[in-house]
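Dropping a structure here in structure tokens format, bear with me for questions.
Just so it is clear, none of the values below were taken in a lab; they were calculated from the coordinates. The structure presented is a predicted model; accordingly, all values stated were derived computationally and were not measured. For neighbour counting, all protein chains shown are included, and Cβ atoms are generated from backbone atoms with ideal geometry for every residue, glycine included.
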Amino acid sequence: MVENWREASLRSLPAVDVTVNLYKRAYPESRYPHALLVQAVQEIVDLLRRQILAAGSSEELLGLSVTPEEVALRLGSWLGQLEVPSLRRVINATGTVLHTNLGRAPLAAAAEAAMKAAAGYCNLEMDLSDGLRGSRHQHVEKLLISLSGAEAACVVNNNAAAVLLCLNTLAAGKKVIVSRGELVEIGGSFRIPEVMSSGGAGLKEVGTTNKTHLSDYRAAIDAETGLLLKVHTSNYRVVGFTSSVDVEAIVSLGLEFGLPVMEDLGSGLFLDLSAFGLEPEPLVKERIAAGVDLLTLSGDKLLGGPQAGIILGKRVFIERLKKNQLMRALRPDKVTLAALEATLRIYLAGQPLREIPALAMLSMSAEVLRQRAENLAERLRRHGQNMLIVNTCEDFSFVGGGAMPLTKLPTTLVVLRPRCGSFSDWVQKLRSGQPSLVGRVQGDRLLLDLRTVAEAEEEEVFRCLT
């Protein structure tokens with residue numbers, strides 16, 4: 001009986017040990033352990049098997065080689081990928097400053113230097129004056145207090161962790177009152193109701209999606225209430241027939257009933273950027289002055305630092321947070337603290353718009369961007385006239401990172417299209433290069449916004465495109 005084509009293809013798949021031994025003979029200097037070679041060949045053979053099973057006819061397998069020699073070649077490529085770092089540098093030409101997929105805020109040079117200095121042994125939890133054990137929070141707490149006016153501060157690994165820790169510490173087993181219009185969801189399906197549940201707190205919604213009044217909060221308070229929560233809707237806006245309760249009124253209500261008041265500020269802003277065309281955002285110092293007991297915000301958004309969850313507020317509550325067993329699971333590492341400390345020192349020195357990349361990008365003028373875009377476009381026209389169609393157009397940049405959703409910053413884009421070949425292959429090649437160049441794709445055009453490209457990177461952009 002003659003075997004069918006699928007069975008024949010499956011039978012021809014090489015044995016794992018045969019392929020591994022073939023590779024070892026071909027590359028006797030290979031430093032990879034035997035177990036890793038076996039794992040790699042198993043994965044390659046399994047992929048081939050699935051391709052054979054998925055094929056609709058023998059013609060679909062004409063280009064598929066399953067000899068031991070071919071699989072050994074694939075093994076070499078598989079191992080080669082281990083040499084390439086997964087996290088790679090990207091030139092962000094999208095115009096989205098806090099691009100979550102690209103790592104949000106780029107760090108200041110001082111923050112990068114601080115991370116390098118802290119990479120080895122450092123005084124993370126040692127008081128060098130007496131040699132005794134110290135607290136990792138001490139490296140940034142005084143700086144945060146000076147910048148915000150809060151009584152105390154601590155840091156965890158991101159703002160979601162900050163919210164979780166606060167809810168678990170202040171309201172586990174109790175109810176948390178929050179307006180329906182503030183039950184936000186941010187990227188990665190982080191939702192306020194779910195994080196409350198994870199923190200052991202119960203949710204008590206008040207008001208409606210578009211209107212909530214102080215009387216709604218008052219009516220909901222009972223013996224089971226543990227916390228009044230306000231959430232800044234940093235990644236969306238409700239407009240039209242709306243009403244919300246300001247934080248000062250909620251603080252007064254909390255004082256009346258002896259309840260702590262917490263606000264999740266989300267992005268968090270230490271500096272007023274409205275003069276540069278950005279929509280007004282509540283400032284950290286203003287919220288602390290309003291009397292909230294705890295305030296949470298992100299480190300890698302409008303602050304312009306590393307990923308971190310910053311918690312500011314009254315000392316009595318901050319001390320409780322530090323003693324919560326969750327703190328050990330949520331605390332930041334030494335390089336994060338080093339980068340955050342360096343970033344905060346830039347604010348204290350009064351140079352954030354110049355030295356913090358995200359703030360410099362957000363405050364860059366439309367005229368500067370127009371000139372940069374036109375200069376780059378002209379260089380590309382002169383050098384790549386036979387390869388690229390180059391134009392410029394006016395458009396807008398975006399803040400990103402779930403911050404300032406209504407802000408559109410005027411910019412000038414460099415508009416590119418290859419004269420021949422596949423547009424998608426060209427874009428993929430740019431994205432896979434060293435460094436990777438990522439812009440906006442619109443139809444068959446690649447749009448580059450230099451707002452998010454450092455001037456020192458422009459020469460690299462030119463080389464990538466030519």
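Where does each of K175, K323 land when they are ranked from fewest to most other beta-carbon atoms within 10 angstrom?
Details: K175 19, K323 9.
Fewest-to-most Cβ neighbours within 10 Å comes out as K323, K175.
Then there's this: When the Karplus curve 6.51 cos²θ - 1.76 cosθ + 1.60 is applied with θ = phi - 60°, which whole-Hz ³J(HN,Hα) does each residue of region 59-75 get, with x for Gly and Pro?
With coefficients 6.51, -1.76 and 1.60, one gets 4, 5, 9, 4, x, 9, 9, 10, 6, x, 5, 5, 5, 5, 5, 4, 4 Hz.
Something else: If one takes the longest principal axis of the Cα atoms in the chain, at what angle in degrees, from 0 to 90 and to the nearest 10, does the Cα axis of helix 34-54 lie?
Result, in degrees: 80.
Normalised by the number of residues in the chain, what is the relative contact order in percent for Cα pairs under 8 Å and 6+ residues apart? Display every interim value, and only then the final one.
Details: 801 pairs, mean separation 91.3, N = 466.
20 percent.
Would you mind calculating the gained length between L47 and Q428 on full extension (0.36 nm times residue separation, minus the Cα-Cα distance), in nm to one decimal?
Values: separation 381, 0.36 × 381 = 137.16 nm, distance 2.36 nm.
Difference between extended and current length: 134.8 nm.
Pairs of alpha-carbon atoms within less than 8 angstrom and 6+ residues apart define the contacts here; what relative contact order does region 5-83 have, in percent? Don't jump to the answer; show the numbers that get you there.
Numbers: 56 pairs, mean separation 38.3, N = 79.
The value is 48 percent.
Another question about this same structure. Taking the Cα-to-Cβ direction at N391 and at V84 and moving 7 Å from each Cα, how far apart do the two end points lie in nm?
So the label points at N391 and V84 sit 3.4 nm apart.
So, one more: What dipole magnitude, in Debye to the nearest 20, does the chain give about its Cα centre under +1 on Lys/Arg Cβ and -1 on Asp/Glu Cβ?
Working: 51 positive and 52 negative charges, 60 e Å.
It works out to roughly 280 debye.
Evaluate E = 1/(1 + (r/R0)^6) for E378 and S135, where r is the Cβ-Cβ distance and R0 equals 60 Å; express this FRET efficiency to the nearest 0.05. Could you put the intermediate results ahead of the total?
On the way: r = 55 Å, r/R0 = 0.92.
About 0.60, to the nearest 0.05.
Would you be so kind as to identify which of G350, L229, I250 lies farthest towards the positive end of the dipole of region 108-352, taking Lys and Arg as +1 and Asp and Glu as -1 on Cβ and the Cα centre as origin?
The one lying farthest along the dipole's positive direction is L229.
What number, rounded to the nearest 500 deg cm²/dmol, is the helix-based mean residue ellipticity at 222 nm of the chain, given -39500 (n - 2.57) per DSSP H run of at least four residues and division by all its residues?
Values: 19 runs with 192 residues, N = 466.
Counting only the DSSP helices, I get -12000 deg cm²/dmol.
Could you sort 264-276, 454-466 so that the peptide with the highest average Cβ count within 10 Å comes first and the rest follow in order? The partial results should precede the final answer.
Values: 264-276: 19.2, 454-466: 14.7.
Listed from highest to lowest mean packing, they are 264-276, 454-466.
Hey, if you put +1 on the Cβ of every Lys and Arg and -1 on every Asp and Glu Cβ in the chain, which of N159, G421, V184 ends up farthest toward the positive end of that dipole?
Sorting the options by dipole projection puts first G421.
What is the distance in Å between the Cα centres of region 1-30 and region 335-390?
53
In the chain, with Lys and Arg counted as +1 and Asp and Glu as -1 at Cβ, which of these residues, G134, I145, V206, has the Cα nearest the positive end of the dipole, that is, farthest along it?
Of the options given, the answer is G134.
Angle between the Cα long axis of helix 159-171 and the longest principal axis of the chain, 0 to 90 degrees, nearest 10?
It is inclined by approximately 40 degrees.
Counting other beta carbons within 10 Å of each Cβ, put E286, E141, E263 in order, fewest first.
Numbers: E286 14, E141 18, E263 26.
Sorted ascending by nearby Cβ count, the order is E286, E141, E263.
Now for a separate question. Mind pulling the angle between the C-alpha long axis of helix 109-118 and the longest principal axis of the chain? Nearest 10 degrees, somewhere in 0 to 90.
Helix 109-118 sits at roughly 80 degrees to that axis.
When a/c is below 1.5 the answer is rounded, else prolate if a/b is larger than b/c, else oblate, so apply that to region 196-320 with a ≥ b ≥ c taken from the square roots of the Cα gyration tensor eigenvalues. Could the numbers behind the result be given before it?
Values: a/c = 1.78, a/b = 1.26, b/c = 1.41.
Judged from the Cα gyration tensor, region 196-320 comes out oblate (a/c at least 1.5, b/c at or above a/b).
Quote the FRET efficiency, to the nearest 0.05, computed for R440 versus L406 with a Förster distance R0 of 22 Å and r equal to the Cβ-Cβ distance.
Approximately 0.70, to the nearest 0.05.
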